[in-house]
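Values quoted throughout were computed directly from the atomic coordinates according to the rules given, and no laboratory measurement underlies them. As the structure is a prediction and not an experimental result, all values here were calculated from the model. Reconstructed Cβ throughout: ideal geometry from the backbone, glycine too, with neighbour counts over all protein chains shown.
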Ligand code: HEC
């Protein structure tokens, strides 16, 4: 009788632990989606839309032309460098949307790129990542 009681207690403990471990999530926006319906993504321009997003999200702090060592030698400043280091395989998009807390998540140490900015980058990539 005692061992049955112990088994029941252990089983309930496991259930509690299992249910608690299900409470993790990758990105806050998965849980609280942000309304991006007002986000303009038509005819994205590298100069007017995309470059400012990259600059304002501190990417050049580590990936600028004069900061090679901090960003692992990956330079993202200027269209030519961006193309050489990232855009063809959507690497920038992959890294700004990588789950929080993973090494690929960019920008390292700064607030996340906003959902609307991410949509704009995606749209620019889909539109052929033009140097316009
Ligand atoms: C605080 C420094 C820092 C900032 C700011 C930063 N990065 Fe990085 N980034 C790194 C380091 C270090 C690496 C190399 C390690 C790695 O792969 O995560 C890296 C790697 C990368 C890579 C290559 C990943 C790969 O797998 O080869 C890309 C693309 C990238 N960053 C994009 C960005 C973008 C876009 C921003 C701005 C939104 C940004 N980074 C901001 C430090 C930074």
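Residue 41 passes all but one of (1) more than 14 Å from the ligand (Cβ to nearest atom); (2) surrounded by fewer than 16 Cβ atoms within 10 Å (Cβ to Cβ); which number fails? For residue 41, the failing item is (2). Scanning region 96-116 for residues that are within 13 Å of residue 63 (Cβ to Cβ) and crowded, with 17+ Cβ neighbours inside 10 Å returns 96, 106, 107. For region 35-73, a residue qualifies if it is touching a helix residue (DSSP H, G or I) at 6+ places or on another chain (Cβ under 6 Å) and without any contact (Cβ under 8 Å) to a residue 24 or more places away in the chain, and the qualifying residues are 70, 71.
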